[in-house]
Amino acid sequence: MLVTTLFNICFGQSRIVAAPAVILCFCFCISSMLSYAQQHDIKRDSSAFYSMLPVPQQKDSFDTKFDSAFLRSKIPPQFFFNHKEDSVLLYGTKSRIVNDLKKAVSVSLDNKVSKAPFLKSNGGFISYRYDYRSTVDTPFIYNHLAQHNIIGNLGLTIANKIPVRINLFVRRSNSDYFKDITDVQVAFDPVAYRNLLSQNLRNKLMSEAENIKDTMSGQLGEIRHLQSVNLHNWLNNPLTKERLVNAQEILNIREKSFDPKKSDSANNTTADSAQKEARHFIELYEKTLVKYHKVTHEADSLLGKYKASLERYRQFQQLLKGQMPAGAAYNEWKKKLDTTASSQIPISSKDRFLLGVRNFGLGRSVLDYSELTVKNISINGFNLEYSSRYYFAVAAGLVDFRFRDFVIPATAQQTHQYVYLARVGIGRPDRSFVILTAYHGKKQLFFSANSTSQLSSILITGFSLETKWQLTQNIFATAEAAQSFSPNYQTIPVGEMPKWSLGDKTNKAYALKFASYFPATATRIDGMYRFIGANFQAFNSFQTNSQTTSWYVKAEQSVFNRKLKLSASLRTNDFSNPYILQNYKSNTVFKSLSATFRSKGLPVITVGYMPISQLTMVGSQLAESQFQTFNTSISHIYKIGQQRLSTSVVFTKFYNSNSDTGFIYYNSSNLYVMHSLLFNHFTAGLAISHSQNANYNYNVMEENFNLQFFKRSSIGFGIKINNLYTVETRLGGYVNASITVGRKDVIYLRLEDGYLPGNGNRLVLNAMGSISYTKSIR
């Protein structure tokens with residue numbers, strides 16, 4: 001009974017379309033159950049199928065008579081219903097649903113049989129590099145420096161859920177100033193996890209996206225539309241109009257059906273029969289007209305519902321194309337997603353938590369949290385940072401200030417340094433937030449109460465409160481205040497910790513920062529102010545008990561349709577050390593001005609000027625040091641005929657004295673010109689450099705060729721003529737090669753026999769060599 005009612009509602013011709021409709025309904029129900037079995041976590045509306053159909057109504061007597069008249073062929077079938085076309089449409093619908101059913105069964109079976117591996121490689125690389133230099137051009141005198149470096153990176157996915165990244169760095173050297181390093185890091189990859197979860201969810205939702213498109217309503221609407229067209233054609237057919245006029249005339253003029261050759265009784269009988277048929281036809285026409293309006297309304301309703309589902313489907317696809325947001329933004333994205341689809345696929349609480357993980361690593365990690373706590377240091381330990389509506393971070397490990405390599409010899413005895421850190425707050429680091437930070441650890445200093453040559457270490461404990469205001473999308477400001485507990489060697493014996501005092505500014509620090517960008521005028525303005533007390537200590541600098549006040553401001557402005565970019569900055573550092581008996585103060589001012597012109601088809605021109613001055617007061621004596629640099633460059637890639645060329649010119653001028661640097665290149669002028677011809681399979685170039693100051697005049701002329709072969713491999717060589725004081729001339733050269741092995745593996749080789757200006761006004765041989773092999777891991 002229910003099936004019959006559904007057939008009558010959908011098609012109105014149960015005896016004609018019963019068989020296709022039974023198959024259609026059966027297949028749809030089976031596919032719905034399989035889809036539910038595959039995605040049991042999706043809540044479905046049990047009346048989803050029925051919502052596609054018109055409101056059930058019982059067939060009236062006219063529908064029965066009309067169907068009977070149609071089947072008895074009293075009404076020509078071509079004027080009402082095209083049985084062949086509708087049958088093809090229905091059987092086509094049945095075939096599509098059967099195919100979808102087979103695919104659903106196949107996917108379901110494949111999902112049950114195939115299982116993802118526990119560990120899946122996402123690719124990476126491993127690289128070995130050997131470097132050699134016979135002479136080191138630094139203030140540190142060292143010859144025959146050799147280094148072995150191994151760098152590796154591998155991405156793994158655990159249980160098809162958790163992506164991790166393994167990083168490896170190994171360094172071995174024969175230098176006393178370079179420590180041997182073996183670093184391994186295993187880190188959670190938040191970007192890869194977000195992409196993996198987004199892709200899995202996208203695939204899952206896209207498989208559900210077809211359910212958003214109300215194809216049943218579309219198909220039923222097309223059938224109703226065909227019925228409406230056929231009814232309209234029958235109602236407006238000239239034969240139907242003629243029969244309607246004849247029927248009305250027969251009802252109004254009884255004698256119209258009389259035959260003069262027949263008797264009155266026979267004519268009355270014929271007239272009664274004709275009027276009965278006329279009334280029946282007029283009734284049939286009126287009922288057909290009502291049915292036409294009803295079917296037209298149903299067709300418009302079903303097609304409107306189908307078009308609305310297509311719009312939801314389009315919006316659904318747009319939401320899935322973007323990257324899945326993390327943290328609090330996920331809720332807004334999920335809400336929009338739910339409004340476009342009746343099927344909801346929620347993300348588990350574990351997945352939502354992992355979406356908020358910004359950093360998680362074991363082994364070597366770089367910490368960069370805030371100006372006054374932990375900034376730009378390397379630790380070997382544990383690091384976790386999470387951000388959602390709330391924020392927290394924890395880190396612990398041994399501290400390794402890597403840039404001390406050139407200050408402390410690797411053989412020197414050093415104290416182990418370590419740090420513990422915890423941060424909690426509200427908000428997101430990329431938006432507005434308030435974060436409280438506490439840290440504790442041991443830090444090594446260049447200060448000792450007994451001997452200035454002895455290295456010492458102190459315990460440090462401190463906390464800070466940092467806040468950020470995101471005023472607009474391109475404007476924000478941050479403020480941070482910090483308090484530390486570290487020894488005060490002026491008044492407290494070594495080893496004792498000071499008491500906390502609000503009035504004591506020597507163990508406090510403050511920092512303010514402002515950044516803004518105005519797209520309408522292409523203007524950028526940044527600024528910072530920082531005060532650090534003499535006894536304040538944190539894992540952010542090598543401050544050794546000196547009060548510091550520093551600030552900077554930087555502005556950038558683009559003009560002439562952003563073709564010319566102007567930049568200016570001013571920075572100052574003010575130091576004072578209360579631990580020295582004599583009055584010691586130092587003030588350094590850094591200034592920078594630059595302009596860059598960039599326009600299509602024209603050379604790129606850059607001009608910069610950076611004057612630096614330092615005032616130092618020791619006791620009553622004041623000394624000033626100055627260091628100024630002016631540089632300009634012009635580069636252009638152009639064509640002469642069909643030939644491509646590249647030309648670059650760089651000029652640099654230093655303004656300083658030999659007391660400001662340990663290099664011999666003080667107060668010098670440097671000019672470098674390079675011209676290259678770019679062919680399809682090789683390049684050729686000529687370069688000239690000139691360096692000069694009061695003590696030396698050094699010129700180098702270079703000619704080089706680079707040939708490409710096997711698409712991704714190349715070999716090159718060059719000759720250098722080195723001339724010092726226009727008297728001593730040496731000929732050097734180099735060769736390099738880049739060879740691709742397989743698809744992605746690369747071998748790189750470079751050997752150079754060069755010269756550098758050395759002591760005694762002579763050229764010193766500087767032989768360099770490098771060879772590396774990079775293996776890609778798929």
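The values are calculated or read from the model by the stated rules, or taken from the named source; none is laboratory data. Values in this document were obtained by computation on a predicted structure and should not be read as measured data. Glycine gets a Cβ as well: all are built from the backbone with ideal geometry, and neighbour counts include every protein chain shown. All accessible areas refer to the heavy atoms of the entire protein, side chains included, with ligands and DNA or RNA removed. Shrake-Rupley method; radii C 1.70, N 1.55, O 1.52, S 1.80 Å.
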Original post:
At a probe radius of 1.4 Å, what is the per-residue accessible area of L564, in Å² to the nearest 10?
Top reply: 40
Original post:
Using a simple spin-label model with points 7 Å from Cα along the Cα→Cβ vector, what separation in nm is obtained for F597 and L119?
Top reply: 5.9
**OP:** Pull up all non-local amide H partners of F536: gap of 5 or more, or a different chain, and H-to-H distance under 5 Å with H placed in the peptide plane.
**Re:** K508
**OP:** Please work out the FRET efficiency for the pair D176 and Y725, using the Cβ-Cβ distance as r and a Förster radius of 45 Å; give the result to the nearest 0.05.
**Re:** 0.85
Subject >> Under 10 Å, Cβ to Cβ, from L570 - net charge with Lys/Arg +1 and Asp/Glu -1 >> reply: +3
Original post:
When the Karplus curve 6.51 cos²θ - 1.76 cosθ + 1.60 is applied with θ = phi - 60°, which whole-Hz ³J(HN,Hα) does each residue of region 359-366 get, with x for Gly and Pro?
Top reply: 8, 7, x, 10, x, 6, 9, 9
Original post:
Roughly how many nanometres apart are two label points built 7 Å out from the Cα toward the Cβ at K775 and I715?
Top reply: 2.5
**OP:** Filter the chymotrypsin sites (Phe, Trp or Tyr not before Pro) in region 240-294 to those in DSSP coil with at most 16 other Cβ atoms within 10 Å of their Cβ, and list the result.
**Re:** F258
Subject >> Net charge over other residues, Cβ less than 11 angstrom from the Cβ of V394 (K, R count +1; D, E count -1) >> reply: 0
Subject >> Potential extension, N143-R644 segment - 0.36 nm per residue separation minus Cα distance >> reply: 176.2 nm
Subject >> Label-point gap, in nm, between K276 and I150 - each point 7 angstrom along Cα→Cβ >> reply: 10.7
**OP:** Give me the accessible area of Y439, 1.4 Å probe, in Å² rounded to the nearest 10.
**Re:** 10
Subject >> Accessible area, probe 1.4 Å, largest first, for residues M528, M768 >> reply: M768, M528
Original post:
In the full protein assembly as shown, how much of H690 is accessible to a 1.4 Å probe, in Å² to the nearest 10?
Top reply: 60
**OP:** Past 27 Å, Cα to Cα, is the threshold; run K563/K744; K442/K508; K513/K600 against it and keep the listed order.
**Re:** K563/K744; K513/K600
